1. (1) part of a helix (DSSP H, G or I); (2) in contact with a helix residue (DSSP H, G or I) (Cβ under 7 Å, 6 or more places away or on another chain); (3) surrounded by 15 or more Cβ atoms within 10 Å (Cβ to Cβ): which one isn't true of residue 78, the others all being true?
2. Return the pairs, sorted by first residue and then second, in which the second residue is surrounded by fewer than 18 Cβ atoms within 10 Å (Cβ to Cβ) and assigned to a helix (DSSP H, G or I), the first residue lies in the stretch 222-245 and is at negative phi and at pLDDT below 70, the beta carbons are less than 7 Å apart, and the residues are 6+ apart or on different chains.
3. Based on what the data block shows, is residue 171 under 22 Å from residue 245 (Cα atoms), within 21 Å of the chain's Cα centre (by Cα) and surrounded by 18 or more Cβ atoms within 10 Å (Cβ to Cβ)?
4. Can you tell me which of (1) farther than 30 Å from residue 72 by Cβ; (2) not in a helix (DSSP H, G or I) is the one residue 132 doesn't meet?
5. Got a number for residues in the stretch 52-75 being more than 25 Å from residue 227 (Cα to Cα) and surrounded by fewer than 18 Cβ atoms within 10 Å (Cβ to Cβ)?
6. Taking residue 221 as the residue in question, decide whether it is part of a helix (DSSP H, G or I) and in contact with a helix residue (DSSP H, G or I) (Cβ under 6 Å, 6 or more places away or on another chain).
7. Looking only at the stretch 31-51, decide whether some residue is out of contact with any helix residue (DSSP H, G or I) (no Cβ under 8 Å at 6 or more places or on another chain), surrounded by 13 or more Cβ atoms within 10 Å (Cβ to Cβ) and without any contact (Cβ under 8 Å) to a residue 40 or more places away in the chain.
8. In the set 65, 117, which member is at pLDDT 95 or above, within 24 Å of residue 184 (Cβ to Cβ) and assigned to a helix (DSSP H, G or I)?
C-alpha cells in the first residue's frame, strides 16, 4: 500500500508541475476548476445525496458560486472580504471539531461544502494568474502541505500516542502534528530564501498555514464520518478520492494568501 501511495504521489507531482508551470494560464485554471468540481461531486456524498441528478445539481450550484466568486474577486475590496470570511469559516470549523464534531446535519454539510471549495478555487486561481511569481507561490504552498502531511504521517506512525481528535480521526496524534510542523518549517526555511521574504515572519506564516491545513483534513474527516465513508472516493489509487488529497489544501491556500497580504505582499487585483 505504501509503495502504491508513493508511486501515485510521484506521478501526481509531475502532473502538477506541468499544470502549474507549463500549461497556458487558462488551461491551468481549467484543470483547477475540474479538480474542485470533481471534489464537489465527492462532497455531495457527504450531504447524503444519492441520485445522479441531485448530486449533479449540487456540483452545478458549486460551479455557479465559483463563477460568482471569481467575478467578485477581480476587485480588491470584495476579494479582501472573501478572504476574511474564509478565515472566519476555518475558525468556526476548528471550534466545531473541538466542541461539536457529532453535531452534523445534511444542510450543514451542504453549506460547509461551499465554504470549503469555493474560496479554495477563488484564491488558487487568483494566486496563479494575478500575483507576481504566482505559479511559484502555488507550488510552494502545495509543497508546504505535502511536507506537513509527510512529517505528520511518519512521525505519527513511529512515535504517535496521544490522539489529536479521537472523535473525528482516531489515527491522528499530537506527535504527528509536531512532525508536520517540523516538515513545514524545513520547507519554509527554503521558501523564505527563494522568495527573499523576512525569514521569521515567513516561517511563522508557513508553519501556521500548515497547522491550519490539519483543520481542513479533520473537517473532511468529520463529514466523512457523518456520511459513513472511509474515503471520499476511489479516483486516486492508494489515496482515495480527490477530496482526500486536497482537503488540507482547501484551508491552506486561502489562509496563505491572507497571510501574504498581512505581510505586505501584493495579492490584490491591480
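1. (3)
2. Here the result reads 236/8; 237/4; 237/8; 239/5; 239/8, each pair linking the stretch 222-245 to a residue that is surrounded by fewer than 18 Cβ atoms within 10 Å (Cβ to Cβ) and assigned to a helix (DSSP H, G or I).
3. Values: under 22 Å from residue 245 (Cα atoms): yes; within 21 Å of the chain's Cα centre (by Cα): yes; surrounded by 18 or more Cβ atoms within 10 Å (Cβ to Cβ): no.
Spelling it out, it is not the case that residue 171 is under 22 Å from residue 245 (Cα atoms), within 21 Å of the chain's Cα centre (by Cα) and surrounded by 18 or more Cβ atoms within 10 Å (Cβ to Cβ).
4. Of the numbered conditions (1) farther than 30 Å from residue 72 by Cβ; (2) not in a helix (DSSP H, G or I), the odd one out for residue 132 is (1).
5. The first filter runs over the stretch 52-75 and keeps only residues more than 25 Å from residue 227 (Cα to Cα), leaving 67-75.
If we keep only those that are surrounded by fewer than 18 Cβ atoms within 10 Å (Cβ to Cβ) as well, we get 67-68, 70-72, 74-75.
Counting residues in the stretch 52-75 that are more than 25 Å from residue 227 (Cα to Cα) and surrounded by fewer than 18 Cβ atoms within 10 Å (Cβ to Cβ) gives 7.
6. Values: part of a helix (DSSP H, G or I): yes; in contact with a helix residue (DSSP H, G or I) (Cβ under 6 Å, 6 or more places away or on another chain): no.
Taking the combined requirement at face value, the residue does not satisfy it.
7. Step one: filter the stretch 31-51 for residues out of contact with any helix residue (DSSP H, G or I) (no Cβ under 8 Å at 6 or more places or on another chain), giving 34, 50-51.
In the following step, the residues that additionally are surrounded by 13 or more Cβ atoms within 10 Å (Cβ to Cβ) were identified as none.
No; the residues of the stretch 31-51 include none that is out of contact with any helix residue (DSSP H, G or I) (no Cβ under 8 Å at 6 or more places or on another chain), surrounded by 13 or more Cβ atoms within 10 Å (Cβ to Cβ) and without any contact (Cβ under 8 Å) to a residue 40 or more places away in the chain.
8. Numbers: 65 fails: within 24 Å of residue 184 (Cβ to Cβ).
None of the others qualify; the one that does is 117.
The values are calculated or read from the model by the stated rules, or taken from the named source; none is laboratory data. All values derive from a computational prediction rather than experimental measurement. Using ideal geometry, Cβ is built from the backbone for each residue, glycine included, and neighbour counts are taken over all protein chains shown.
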